[in-house]
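Notes follow the structure.
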Amino acid sequence: MHKTHLYEAHLAAGARMVDFVGWNMPIHYGSQMDEHKAVRGDAGMFDVSHMTVVDIRGPQASAFLLRLLANDVSRLTVPGKALYSCMLNESGGVIDDLIAYYMEDEWYRLVVNAATRDKGLAWLARNGMAFRISLTEHFELAMLAVQGPNARERVHGLLPPDVVQGIASMPPFSAVLCCGYFIARTGYTGEDGYEVLLPAEEAIAFWNRLEAAGVKPCGLAARDTLRLEAGMHLYGQDMDEDVTPLESGLAWTVAMKDDRRFIGRDALERQQENGVDRKLSGVLLEGRGVLRPGYRVMTAAGEGVTTSGTFSPTLEKAIALARVPVEATGACDVEIRGKAYPAHLVKPPFARHGKVCDGIL
């Protein structure tokens with residue numbers, strides 16, 4: 001099993017370690033609830049060094065990504081600017097979702113999922129053969145996510161003034177490369193903060209300094225409840241190779257206004273012509289209970305199924321994402337252990353920036 005560069009720091013902090021797609025990762029450090037609330041109300045940090053970081057360089061780097069990604073990297077013209085996109089197969093299914101950063105005309109940086117590393121890299125290599133590019137995976141880097149309303153301030157307190165000056169006014173979905181640190185204003189929690197790529201040998205010291213500054217270590221369990229409250233998708237549950245972005249609440253990531261022929265576009269055009277049958281909706285349980293993936297959802301328009309589910313610490317109710325008929329709205333029932341429980345469909349996100357989103361409750 002793989003270990004991140006922060007493995008010893010997790011053990012020292014009393015983390016409960018679990019196998020996550022072949023990586024020995026912390027699930028929590030004693031209280032998932034406390035970790036979740038720290039991110040919503042103050043600042044928490046996650047080890048995300050299991051993520052895959054790949055640089056694409058060469059005179060055809062842009063042309064390659066215009067073919068590979070459903071979103072349009074030609075929109076990226078400012079160094080460090082990023083966008084979120086899906087990488088599709090020919091049938092329009094999602095091979096992976098990722099963030100692409102424009103560094104310069106012949107250099108882009110991708111951050112992709114750990115669970116899809118092997119097939120994602122294989123897809124990049126296979127399709128990259130027709131382009132003059134190189135692919136470089138960065139094993140020598142660690143990656144930390146520092147998230148919460150006070151996260152940026154805590155990070156600023158640990159960095160040299162010239163670095164802080166470079167990131168303090170940086171807009172969301174942007175990054176700066178400075179003094180060997182790649183600092184991006186991105187995250188997977190619905191809160192502000194940074195994702196920091198830094199040399200592996202400096203990771204534990206930086207982690208310890210963050211903890212000393214009051215940033216709470218957080219594990220995978222809190223990361224999952226936070227991202228679900230924020231309406232953010234998890235690959236393998238809310239999307240996969242058998243569903244398209246149009247069925248997964250990700251139509252906003254597909255750029256089809258021009259004639260760019262990205263992989264999977266033909267399938268999406270056919271789906272648009274024929275009409276999309278399913279959509280991804282939020283589900284809010286009305287009474288007590290916990291929602292999990294795989295539960296039947298019964299609506300007036302037909303049946304669906306939950307793809308992700310949890311108990312929301314912010315709402316103090318059970319929430320889920322579910323793939324349901326496109327016409328489905330309003331009241332529904334969710335089957336839990338053979339019994340129907342009343343619920344209703346809502347538009348995600350459920351909670352962001354420390355509070356419940358409008359129209360959810």
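For the range 332-348, which positions are in a loop (DSSP other than H, G, I, E, B) and either surrounded by fewer than 19 Cβ atoms within 10 Å (Cβ to Cβ) or hydrophobic (A, V, I, L, M, F, W, C) (or both)?
Correct list: Arg337, Gly338, Lys347.
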Legend entry - Members of the range 304-320 that are surrounded by fewer than 17 Cβ atoms within 10 Å (Cβ to Cβ) and either free of Cβ contacts under 8 Å to residues at least 12 places away in the same chain or of a type in the set (Ser, Thr, Tyr) (or both): Glu316
Inset, instruction - Please determine, by comparing only the residues of the range 163-201 that are assigned to a loop (DSSP other than H, G, I, E, B) and out of contact with any strand residue (DSSP E or B) (no Cβ under 8 Å at 6 or more places or on another chain), which one is modelled with the lowest pLDDT. - result: Cys179
Legend entry - Verdict on Glu8 being surrounded by fewer than 19 Cβ atoms within 10 Å (Cβ to Cβ), acidic (Asp, Glu), touching a residue at least 40 places away in the same chain (Cβ under 8 Å) and out of contact with any Pro (no Cβ under 6 Å at 6 or more places or on another chain): yes
Inset, instruction - Sort out which residues of the range 98-157 are over 18 Å from the mean Cα position of the chain (by Cα), among the aliphatic types (A, V, I, L, M) and in a strand (DSSP E or B), and write them in order of number. - result: Met103, Leu135, Leu141
Inset, instruction - Answer yes or no as to whether Arg67 is in a helix (DSSP H, G or I) and in the same structural domain as Val196 (by TED's automatic domain parsing). - result: no
Inset, instruction - Scan the range 354-361 and give yes if some residue there is surrounded by fewer than 16 Cβ atoms within 10 Å (Cβ to Cβ), outside any loop (DSSP other than H, G, I, E, B), basic (Lys, Arg) and modelled with pLDDT under 95, otherwise no. - result: yes
Legend entry - In the range 111-130, the residues that are farther than 24 Å from His5 by Cβ, in contact (Cβ under 8 Å) with a residue 60 or more places away in the chain and buried (at least 18 other Cβ atoms within 10 Å of the Cβ): Gly128
Legend entry - Residue satisfying all of: in the range 272-291; surrounded by 17 or more Cβ atoms within 10 Å (Cβ to Cβ) and touching a Leu at 6+ places or on another chain (Cβ under 8 Å); nearest to Thr244 (Cα to Cα) among these: Leu280
Inset, instruction - Taking the residues in the range 321-331 that are free of Cβ contacts under 8 Å to residues at least 40 places away in the same chain and of a type outside the set (Val, Ile, Thr) as candidates, determine which candidate is surrounded by the most Cβ atoms within 10 Å (Cβ to Cβ). - result: Ala331
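The values are calculated or read from the model by the stated rules, or taken from the named source; none is laboratory data. Remember, it's a predicted structure, so these values are computed and weren't measured experimentally. All Cβ positions, glycine included, derive from the backbone under ideal geometry; neighbour counts span all protein chains shown.
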